[in-house]
Every structure is written in C-alpha cells, then in structure tokens.
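This report refers to the structure that appears directly beneath it.
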Amino acid sequence: MLNKFFKFDENKTDFKTEIIAGITTFLAMSYILSVNPGLLSQTGMSLEGVFIATAVSSGIACIIMGIVSNYPIGLAPGMGLNALFTYTVVLGMGLSWQAALSAVLLSSILFLIITLLGVRESILNEIPNDLKLAIGSGIGFFLAFLGLANSGIIVSSPDTLIKLGNLLSPPVLLAVIGIILTLILYIRKVPAAVFWGLIATAVIGLVFNLVGFTTPNDVMPAVPKTWISFNLDFSPFGGFLSGFDELFKNIPSLIIILFSMLFVTFFDTTGTLIPLSKECGYVNEDGTIEGINRAFISDAIGGIIGAVFGSSTVTAYVESATGIGLGGRTGFTAVVVGLLFLLSVFFAPAILSLFTPSVTTAALVTVGILMFSQIKEINWDNHAISASVFLTITMMILSSSISTGIAFGFITYTTATIAQGNYKRLKPIVWILCIVFLIYLFFGL
C-alpha cells in the first residue's frame, strides 16, 4: 500500500531507506524544538506551550507535505521568522504575541493565495535578486548575534555599547565550547551536525553541574525531574483569535508586518524547495519541476497550522537535504519526520531542561553561518547594490529589527539607483515599498 501511494519503485527507493532518511532529517531539524521556545517565550508565551506548538505544528505540516506533494521535505518554524516574530513584531513594535500570531496567520493565507493564483514567479522577478540575498544574509548575522547575546558571550556596555562577556563564566564557557564542537562537526560534514553538537554541549553542561562548576544564578543544563510528561500545555493554541483587533488598529504597521513576514517566508521557501526538488530529481526535460506547486501549497498550509497552534511561521527546512542525501525520495520521509515531531511532545520536560540558551547558541551561530554564505553571490561591483546590502545587514543587527533592515535596504537601493540614472530599472513594487518604508521609518508606525 505504501509502495503504491508514495511510488517507492518509481522513485527508486524503499521502505527502509525512507525510514532512515526520515530519522536523519528529524535529527538535523530537531534543534528547533529547543531554539524556538527559547526565542518565542521572550514575548510572554509559555515556554512549555511554545514547545508543544512547535512540535505539533511541525509534525502536522510534515505529514501534509508528505501526503499532498510526495516531497521528502520536513517543515518547522523558520529560523529568522521566529526572530522576526519576537524581536521585531512583539518586542520592537510593542504588539502582543496574540497579535503577532494573527499576523502569521494572515501572511500564511496571503502566501497560499499567491501560490494558488500562480503569481509566484511574477513577484520573484519584481524584487532585485541582490536584495533577496542581502536579507537572507542579514538574518543569518542577526541569528548569530542573538545566540551570542543570549548566552552572555556578548554583553551590553555603557562605554562601547557591547563588549565581550566573561568567558570563564560557566554558561558562557559552555556556549563557547558548544560553538567549537558544532563547527568542527559541521566542517567535517557530519550528518545532523547541529543535533549532535547540541547533545554534546548538553552533556558537558551536566558535567559542569556534577563537578560544581556553576553558580546558583547560572541557567545551565540539568537532569530532568521527569523525562516524559502527558500533561501537555496548549495555552498558545487559538491565541491568534484575540489578536486581530490590536493588529488592525494601525494599518501602516500591519502592512509592514505582513510584508516582512510574507517576504521572508516567500523567498526562504522558494530558496529551499526548488534546490531540494532538483536534488531529488524532480526536474523534467523542459525545466519544469514536477509537483512544486503542491509543495508550495503544503508549505503555506504549514504556516497556517503554525499560527493556529501558537507558533511563528512554519516553513520548509533546508536540513531536509540530509535525508535526501541518504536516499529519501518520497513523501514517506516527510511523514516519518512528522511522526517523530508529534512523538516529541511527550519529552518536553527533558528537552527544555537540557537545552538551555548556552546549549542552543551553537545552533543559532551555525544556522547563521549557513544563511550568511549566500552573500558571496551578491554583485559587489555595483555601488547601489553594495550600499543597500551593507545597510540592510547593518541596520538589521543594530536596530534588532528585520523589518528595519529590509526598509533601509529598499530605500537605499531606490535612492542609489536613481543617483546612477537607472531609475527606469526600478519595478513598480520597489517604488511602492520604498514609499511605505519611508512612512514606517520617519513616522514611527
């Protein structure tokens, strides 16, 4: 039955290969189970509740991806999108987490409509490619900075704004060790390097506790009081329902939030699904990709599911390449990933006790490096582009706002292109966004 439904023979795979690929992809993605709650809980959401929302929404989204599109791709709350949710929408703009969830739902619905209408390619062509790359690279920088700051490697300073923290402090030293170990595994191309880096760092943290190398105020990995719990916290579920009134009180801010979420989701998803589908061999002779629209639809539905259960936008994960590399070729791989995410809901106490901010720092830094690497494709010889890329990345980090970075990037690109006398190259959507971003920045909306 599975062979017939998922087309094992047609895709030159089998049940055992798909199982192994699914387990491998889950291990490569599983760091999100500790990282996402750590970020979103800063908005006032329950730590345990965000964990459950992350696991359940990821699990359901993966299963939908597998059944609807037959793609071996896992989905989970996107890195960068969770930072946008926390630091830009809630902590930056002052909205409640309920309003942020409402924005996630609306942006995901818009993404679904765009996909169903088939206008994805038109929008892709309207946005300068270098700006897309700059935003992805900037988010990578931002994630790495968050990891370094949350663990105490980087701290605030009244004299220099920020400075290096005390490297001999147990949580800071543990984070540094974790970064080194994870980078070694990543450079050595160890499958699921981030996962094994997290495990190794958590174990070292337990050893720190065992030998007494810690202080009462340190947040360090600890042996869980209970490993399995059936008392599940679904408090973020449906929170979006009470956020619409607040979200629609300020229309200009609503436009900025929706655009930022939609923009990051749109290009993150496109940049993930297309190369992974090619790696699976789904490209036809005419260059079209078999089933790609169903994959985009599944991804959009995943975002809606994330909002309903109480998480930032759920999207396709590039870590799915690990399972594909081991032979995963059908949606059954994604189904296996989804089932493992659903199973993990019962291990919330253990995971949250072991994977503290010091442990998850390495994951944020490593993902940041992966996202930053696309900066090499930018056309640095064009001064208009180099200036807009520089300000996109710089303002994103220094303002702690992904939306602000995007705004400066578009405004700088438009201004510099006009200065070059190439204003005719600017697409209508660039002009519109430039005006909206100017209103957003100068009127503080």
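Quick rundown of the values:
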{"read-out": "Residues of region 301-315 classified as buried (at least 24 other Cβ atoms within 10 Å of the Cβ) and either more than 19 Å from PHE240 (Cα to Cα) or among the aliphatic types (A, V, I, L, M) (or both), total", "value": "2"}
{"read-out": "Boolean, VAL172 is over 19 Å from the mean Cα position of the chain (by Cα), surrounded by 20 or more Cβ atoms within 10 Å (Cβ to Cβ) and among the β-branched types (Val, Ile, Thr)", "value": "yes"}
{"read-out": "One residue from ILE397, ILE351, ILE393, ILE418 being in the same structural domain as GLY140 (by TED's automatic domain parsing) and over 15 Å from ILE127 (Cα atoms)", "value": "ILE351"}
{"read-out": "Elements of type helices (runs of 4 or more DSSP H) in region 337-445, at least 1 residues being within 22 Å of the chain's Cα centre (by Cα)", "value": "348-354, 357-372, 383-398, 402-419"}
{"read-out": "Matching residues in region 375-394 - criterion: being aromatic (Phe, Trp, Tyr) and crowded, with 18+ Cβ neighbours inside 10 Å", "value": "none"}
{"read-out": "Selection within region 175-195 - crowded, with 16+ Cβ neighbours inside 10 Å, part of a helix (DSSP H, G or I) and hydrophobic (A, V, I, L, M, F, W, C)", "value": "ALA175, VAL176, ILE177, ILE179, LEU181, LEU183, LEU185, ALA193, VAL194, PHE195"}
{"read-out": "Some residue of region 420-427 being at pLDDT 85 or above and aromatic (Phe, Trp, Tyr)", "value": "no"}
{"read-out": "Residue within region 63-79 that is assigned by TED's automatic domain parsing to the domain that holds ILE32, farther than 23 Å from THR25 by Cβ and either over 13 Å from the mean Cα position of the chain (by Cα) or of a type in the set (Ser, Thr, Tyr) (or both) present", "value": "no"}
{"read-out": "Tally of residues being among the acidic types (Asp, Glu) and either under 18 Å from VAL359 (Cα atoms) or outside any loop (DSSP other than H, G, I, E, B) (or both) across region 196-236", "value": "1"}
{"read-out": "Considering residues of region 88-105 that are of a type outside the set (Gly, Ala, Ser) and either in contact with an Asp or Glu (Cβ under 9 Å, 6 or more places away or on another chain) or surrounded by fewer than 21 Cβ atoms within 10 Å (Cβ to Cβ) (or both) only, the residue farthest from PHE237 (Cα to Cα)", "value": "MET93"}
{"read-out": "One residue from PHE267, PHE332 being in contact (Cβ under 8 Å) with a residue 24 or more places away in the chain, surrounded by fewer than 24 Cβ atoms within 10 Å (Cβ to Cβ), part of a helix (DSSP H, G or I) and of a type in the set (Phe, Trp, Tyr)", "value": "PHE267"}
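Table: residues versus (1) closer than 16 Å to SER400 by Cα; (2) at pLDDT below 85; (3) not in a helix (DSSP H, G or I).
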{"position": "ASN125", "(1), (2), (3)": "no, yes, no"}
{"position": "LYS132", "(1), (2), (3)": "no, yes, no"}
{"position": "ILE135", "(1), (2), (3)": "yes, yes, no"}
{"position": "GLY138", "(1), (2), (3)": "yes, no, no"}
{"position": "PHE141", "(1), (2), (3)": "yes, no, no"}
{"position": "ALA144", "(1), (2), (3)": "yes, no, no"}
{"position": "LEU148", "(1), (2), (3)": "yes, no, no"}
{"position": "SER156", "(1), (2), (3)": "yes, no, yes"}
{"position": "ASP159", "(1), (2), (3)": "no, no, yes"}
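The values are calculated or read from the model by the stated rules, or taken from the named source; none is laboratory data. What you are looking at is a predicted structure, and each value in this text was computed from that prediction instead of being measured. Note that we place each Cβ from the backbone using ideal geometry, even for glycine, and neighbour counts take in every protein chain shown.
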